[in-house]
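One structure is given below, encoded as structure tokens.
The values are calculated or read from the model by the stated rules, or taken from the named source; none is laboratory data. As the structure is a computational prediction, the values presented were derived from the model and not from experiment. Using ideal geometry, Cβ is built from the backbone for each residue, glycine included, and neighbour counts are taken over all protein chains shown. Side chains included, ligands, DNA and RNA excluded: accessible areas come from the protein's heavy atoms. Shrake-Rupley method; radii C 1.70, N 1.55, O 1.52, S 1.80 Å.
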Amino acid sequence: MPDYTRLKFDRARAKVDELPERNHLNSYNTFSVLQEVQRALGLWTQAPTDYWEIRGRFQDPYRRLVIADTPEYLMELVAGLDALSQDGFAQADHFVFTFGMSEVFVNESTGLVANQKPGYCRGGGVEETVFKNTSVAENTANILAISDLIAAEKPEAKIILTVSPVPLSRTFSGQDIVVANTQSKSVIRAAIGEAMTQRSNLIYMPSYERVMQDGRDSFEEDGRHVRRPVVAEIVQAFVEAHFEDPNAI
């Protein structure tokens, strides 16, 4: 992830996810990740009027909880984050992407996918977005596009893909949450598998399978977040499998 903690902003005027305490500006679906890669490569620029207004404040639809007191200050933050994203892409020699869901919300005015569900943390998007439960084919196409964009700029770079084992906390599909979660994870896993048959720069890290193998024992008491010793074990296994020197990272 780019070092977004380098962003300087007035906390009295804006919120930028969990910055500056934590470098957290996550995207959870293949659409949002593709949009971020395209942004980092300068393939699209957010229009100065492309925001949501919520109770006198202004929100970026495409990044997690980026909210400011004026549209002008919001766009200043967007530009700063774009610059950090571009810098992070330029410095990277490998890429790691974790996808968590197939349920997305499309911003009707632009056709782009919102970073979060409408109303998240009292944010916007309730009136501006429409729900879409995306297909294996759509997610495969996104992963292939991500692969090709990175390969065009960095032919030697490898792209490491994982499926998030964190279950959905809610669904907008009308299904039971357990059924919806299984569908969402299955769609993403199938899309990765299909993409890997078509591109040689993709590597799959089976963290999802490792967590599911032990079931409840892999999770904290909340039943959603993976226990840190399990995470450490997964990372160590991946390093040993893919690095000549396991102490290299």
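Candidates are the residues of the range 25-35 that are out of contact with any Phe, Trp or Tyr (no Cβ under 8 Å at 6 or more places or on another chain) and of a type outside the set (Ser, Thr, Tyr); the one that is farthest from Ala141 (Cα to Cα) is Asn26.
Does Met205 fit the bill of being over 23 Å from Leu112 (Cβ atoms), of a type outside the set (Lys, Arg), open to solvent by less than 70 Å² (accessible area, probe 1.4 Å) and modelled with pLDDT of 95 or more? Taking the combined requirement at face value, the residue does not satisfy it. Quick check on the range 43-86: of everything there that is within 18 Å of the chain's Cα centre (by Cα) and among the charged types (D, E, K, R), which residue is farthest from Gly125 (Cα to Cα)? Result: Asp82. Among the residues of the range 84-108, those that are outside any strand (DSSP E or B) and open to solvent by 30 Å² or more (accessible area, probe 1.4 Å) comprise Gln86, Asp87, Ala90, Gln91, Asp93, Met101, Glu108. Among residues of the range 128-155 being open to solvent by less than 50 Å² (accessible area, probe 1.4 Å) and not in a helix (DSSP H, G or I), the one that is farthest from Glu53 (Cα to Cα) is Lys154.
Which residues, counting only those in the range 2-12, are surrounded by 15 or more Cβ atoms within 10 Å (Cβ to Cβ) and assigned to a loop (DSSP other than H, G, I, E, B)? The answer is Pro2, Leu7, Phe9.
Restricting attention to the range 157-182 and to residues that are over 23 Å from Val106 (Cα atoms) and of a type in the set (A, V, I, L, M), the residue that is most open to solvent (accessible area, probe 1.4 Å) turns out to be Val178. Of all residues in the range 15-60 being of a type in the set (Asp, Glu) and part of a loop (DSSP other than H, G, I, E, B), which is most open to solvent (accessible area, probe 1.4 Å)? Filtering first and then ranking leaves Glu21. In the range 141-156, the residues that are under 18 Å from Glu194 (Cα atoms) form no Cβ pair under 9 Å with any partner that is open to solvent by 30 Å² or more (accessible area, probe 1.4 Å) and modelled with pLDDT under 95, whether six or more places apart or across chains. The set of residues from the range 173-194 being touching a residue at least 12 places away in the same chain (Cβ under 8 Å) and under 12 Å from Glu103 (Cα atoms) comprises Ser173, Ala180, Asn181, Gln183, Ser184, Lys185, Val187, Ile188. Of all residues in the range 66-83, those being surrounded by fewer than 19 Cβ atoms within 10 Å (Cβ to Cβ) and not charged (D, E, K, R) number 6.
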